[in-house]
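As structure tokens, the structure follows; a few thoughts come after it.
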Amino acid sequence: MSIAADRGAASPSAAPTWWIVCARELRDLWVGGKAMSMILLYTVLLGIYAYLFASNSELSLLPLKQMVLEIVKAAIFVGLFVCLIIGADSFSGERERATLEGLLLTPTSRRQIVVGKFLAALSPWPVALAVAIPYWVVLSKGDSSLGQALLWGPLVGTLLAPAFAGLGMLVSVWCNSNKTSMLVSVGLYLVLILPSQYSGLATVTVSSQMAERSNVFQLLNPMGASSRLLHDAIMGSAPVHQVWPWVTTPALFPVVVLAVLIAYVGPALQLEGGMKRMRTRTV
Amino acid sequence: MQSDHAGHTGAGTDVLVAEGLAKTYGPRHALRGLSFTLKSGRMLGFLGPNGAGKTTSIRILTTIMEPDAGHFTVDGISHKHPDQIRRRIGVLPESFGLPKQMTGIEYLTYFGQLYGRTASDAKAIGLRLMEEVGLKQRTRSLVSTYSHGMRQRIGIARALVNDPVVVFLDEPTIGLDPRGQQELLGLVQQIASDRGAGVILCSHLLSEVESVCDDVVILSSGEVVASGAVSEVIGRTEQNVIRIRVPTAAMEDAQRELEAIPAVRKVVPAGGQPGWLRVELDEGASEDHPINNRILETLIRADIPIVSFEPEGGRLQDVFLQLTAGGIK
């Protein structure tokens with residue numbers, strides 16, 4: 001075996017570098033315990049939600065369908081938060097741990113590094129979904145809303161999880177400090193999720209004109225559109241053709257985020273974060 | 001271990017050529033016109049005070065950063081092809097982190113794979129490198145359990161996984177005890193001699209650089225203030241000063257006796273150091289070696305004990321201090 005066989009070319013039988021990066025990231029996340037501890041926390045949180053919803057339902061404070069809707073939304077939104085946080089740690093965390101320079105010094109393309117890390121950041125979502133579904137089944141008590149929950153819940157979550165993992169990574173690429181990356185990501189999360197919760201209230205308390213405006217706003221906000229979709233599907237058992245428009249934004253959101261991440265920001269990944277550096281360098 | 005590439009890049013060929021590299025951060029010139037050549041099998045000491053532009057230079061030469069002006073080639077490859085250059089260089093950054101969940105061999109295998117090797121090839125090379133850097137017994141230990149010296153060694157092994165033509169070592173001995181420093185520098189010398197790689201060594205340990213490096217580049221405020229073979233650079237500095245240490249009580253007598261010697265221009269106490277005298281000689285007097293004997297003879301005749309006697313300017317440290325006296329601009 002020659003050490004220096006040919007510096008210019010990779011071995012044809014070597015694994016693609018995005019996969020090597022992804023495998024290492026998965027190991028860091030799951031064996032290192034970060035993803036595992038977040039999923040554990042997620043499970044506990046879902047258990048608390050389930051207990052509260054079930055108690056309210058038993059006291060007839062919450063209709064069964066409403067309870068199913070709330071637990072599905074909670075499972076999805078908290079699952080997305082996990083993906084966002086893991087994405088937000090991807091580059092700024094490596095900067096802080098001084099492990100990014102070693103990675104950037106290899107001939108691996110920046111885009112492959114980004115793809116590998118993105119796939120790893122997405123990995124908590126299927127696990128979160130697997131944890132959540134038994135809760136949905138038990139709490140629905142065989143109600144017809146379970147079918148709608150099992151159809152639309154995983155679809156909405158699977159559309160939004162890449163977007164949130166990607167959003168966290170975008171923030172992380174620009175931030176030198178992990179703390180900043182986390183704070184900005186949580187801020188973005190709140191900006192997306194809070195209006196969606198508020199809009200839901202607005203539709204039932206204000207005039208029809210206001211409700212229409214609120215609908216437009218909800219349609220533009222991926223979280224709002226998702227909430228509305230789940231509401232119409234689970235509470236109203238709306239057929240597919242009626243809820244379909246609400247899928248548009250959750251479907252477009254990941255496309256936009258991933259296009260920006262992989263096509264534009266990824267190749268410009270640098271040792272130091274910041275917009276200015278991003279604009280001035282293309283190595 | 002003899003590397004396979006010694007022979008591809010012949011001994012003494014130019015493996016790194018930098019010409020007029022410049023970099024500015026806003027109004028501040030971090031680097032101005034850095035030019036030098038590194039030959040295969042040679043070690044080049046890269047020196048400068050903090051803020052002189054060393055890290056910027058290394059980041060440019062390792063393709064982490066682009067220069068604003070100038071160009072460089074590694075093994076004949078232009079800096080316009082950073083991915084190809086990265087295949088030909090190995091880098092030990094000043095501060096580098098290690099993943100918590102990986103063993104030494106897993107760490108090297110991972111990096112070997114990132115250079116396009118199959119897992120089995122990367123592992124075999126990793127094992128050989130761990131043996132080469134003296135970590136054979138710790139291949140299966142988690143890198144997070146390594147001591148500082150072992151971390152530096154695994155960092156050097158990582159820098160060698162692609163059998164580089166040029167190796168950049170940024171402060172490899174920082175934080176090591178004297179024995180650790182000596183062992184690591186021995187390892188670095190071995191890299192240059194056995195592998196035939198050009199080595200760039202950034203260090204603040206000037207005596208070490210003087211003893212192991214063939215060439216030196218000294219930076220100050222982003223500019224090259226000296227470059228060339230170590231002996232040449234040392235020879236260029238002013239050497240007409242001698243430092244003499246005598247008992248504090250005898251300083252005045254010694255000063256009077258020394259000032260009476262014709263070739264001595266001035267004798268003053270060395271600032272802040274009790275017992276030390278700084279003897280400045282006339283131009284060209286230092287080339288007349290008997291002057292040292294005459295100074296010693298004068299002091300001995302006057303019955304003044306000589307505690308220490310050393311010509312100034314004969315060491316890399318003196319050159320460094322003289323050339324970088326301007327500090328950070």
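Hand me the trypsin sites (Lys or Arg not before Pro) from the range B:112-209 located in a DSSP loop with no more than 16 other Cβ atoms within 10 Å, in residue order please.
Qualifying residues, ordered by number: B:140.
Which length gain, in nm to one decimal place, applies between residue A:263 and residue A:52 when the Cα-Cα distance is subtracted from 0.36 nm times their residue separation?
Gain in length upon complete extension: 71.6 nm.
Equivalent-ellipsoid semi-axes (√(5λ), Cα gyration tensor) for chain B, whole Å, largest first?
The three semi-axes for chain B are 45, 23, 17 Å.
Counting partner chain Cβ atoms within 10 Å of every residue's Cβ in B:120-128, what's the average?
Other-chain Cβ atoms within 10 Å of each residue's Cβ, averaged: 2.
Give the order of B:280, A:58 when sorted by the count of other beta carbons within 10 angstrom, beginning with the fewest.
Neighbour counts put them in this order, fewest first: A:58, B:280.
Pop a pseudo-label 7 angstrom from the Cα along the beta-carbon direction at both residue B:297 and residue B:151 and give the gap in nm to one decimal.
Taking the two extended label points, one gets 5.8 nm.
Going by how many other Cβ atoms sit within 10 Å of their own, how do A:214, B:95, A:90 line up, fewest first?
Lowest count first: B:95, A:214, A:90.
How much length is gained on full extension from residue B:83 to residue B:248, taking 0.36 nm per residue of separation minus their Cα-Cα distance?
53.2 nm
Could you tell me which of the pairs A:65/A:117; A:34/A:65; B:54/B:80; B:54/B:136 are separated by over 30 angstrom between their Cα atoms in the structure shown?
A:65/A:117; A:34/A:65; B:54/B:136
Suppose R0 equals 41 Å; then what is the FRET efficiency for residue A:150 and residue A:180 from their Cβ-Cβ distance, rounded to the nearest 0.05?
Computed FRET efficiency for residue A:150 and residue A:180 comes out at 0.60.
State the answer as a single residue: which of B:104, B:147, B:61 lies farthest towards the positive end of the charge dipole of the range B:14-233, with beta carbon charges of +1 for Lys and Arg and -1 for Asp and Glu, about the Cα centre.
Comparing the listed Cα positions along the dipole, B:104 ranks first.
Within a 10 angstrom radius of the beta carbon, how do A:241, B:71 rank from fewest other beta carbons to most?
In order of increasing Cβ crowding within 10 Å: A:241, B:71.
Quick check on chain B: of the DSSP beta bridges with both residues there, what percent are antiparallel, nearest 5%?
Counting only bridges with both partners in chain B, antiparallel ones make up about 65 percent.
Can you list the trypsin sites (Lys or Arg not before Pro) in the range B:79-111 that are in a DSSP coil and have 13 or fewer other beta carbons within 10 angstrom?
The qualifying sites are B:80.
Using only Cα atoms and rounding to the nearest 10 degrees, what angle (0 to 90) does helix A:17-26 make with the longest principal axis of chain A?
For helix A:17-26, the angle is close to 60 degrees.
Set the Förster distance to 51 Å, then compute FRET efficiency between residue B:137 and residue B:19 from the Cβ-Cβ distance, nearest 0.05.
Using R0 = 51 Å, I get an efficiency of 0.70.
Quick one: grab the alpha carbon gyration tensor of the protein assembly as shown, order the square roots of its eigenvalues as a ≥ b ≥ c, and give me rounded if a/c is under 1.5, else prolate or oblate depending on whether a/b is larger than b/c.
Prolate.
Apply 1/(1 + (r/R0)^6) to the Cβ-Cβ distance of residue A:11 and residue A:99, taking R0 = 35 Å, and write down the FRET efficiency to the nearest 0.05.
For R0 = 35 Å, the calculated efficiency reads 0.90.
If you build a Gaussian network model of chain B, linking Cα atoms that sit under 10 Å apart, which residue out of B:233, B:241, B:216 swings the most?
Result for chain B, Cα springs under 10 Å: B:241 fluctuates most.
Which whole number gives the average, over all residues in B:89-102, of C-beta atoms from other chains lying within 10 Å of the residue C-beta?
5
Size of the dipole of chain B about the Cα centre, Lys and Arg at +1 and Asp and Glu at -1 on the beta carbon, nothing else charged, in debye to 20?
The calculated dipole for chain B is roughly 1460 debye.
Give the cross-link partners of residue A:73 among the aspartates and glutamates, using a straight C-alpha distance below 18 Å as the criterion and excluding same-chain residues fewer than 8 apart.
Partners found: A:143, A:232.
With charges only on Cβ, +1 for K and R and -1 for D and E, what is the dipole size of the protein assembly as shown about its Cα centre, in debye, rounded to 20?
That gives the protein assembly as shown a dipole magnitude of about 2140 debye.
For the range B:13-116, what does the equivalent ellipsoid look like in terms of its semi-axes, each the square root of 5 times an eigenvalue of the Cα gyration tensor, given largest first in whole Å?
26, 18, 14
Per-residue counts of other Cβ atoms within 10 Å, averaged by peptide: what ranking do you get for B:257-265, A:146-154, highest first?
A:146-154, B:257-265
As a test of the definition: which semi-axes, in Å, follow for the range B:241-312 when you take the square root of five times each eigenvalue of its alpha carbon gyration tensor? Largest first, please.
18, 13, 10
For the protein assembly as shown, what is the mean residue ellipticity at 222 nm derived from helices alone (per DSSP H run of n ≥ 4: -39500 (n - 2.57); sum divided by total residues; nearest 500 deg cm²/dmol)?
-16000 deg cm²/dmol
Quick one: dipole size for the range B:1-117, taken about the Cα centre, charges +1 on Lys/Arg Cβ and -1 on Asp/Glu Cβ, in debye to the nearest 20.
Using Cβ point charges on Lys, Arg, Asp and Glu, the range B:1-117 gives about 200 debye.
Picking from A:112, A:182, A:129, whose Cα lies most toward the positive end of the charge dipole for the range A:74-207 (charges on Cβ: Lys, Arg +1; Asp, Glu -1)?
A:112
Using a Gaussian network model on chain B with a 10 Å cutoff between Cα atoms, which of B:72, B:168, B:96 fluctuates the most?
B:96
Since every read-out is calculated from the coordinates, none of them should be taken as a lab result. What you see is a predicted model; the values in this text were computed from it and never measured. Using ideal geometry, Cβ is built from the backbone for each residue, glycine included, and neighbour counts are taken over all protein chains shown.
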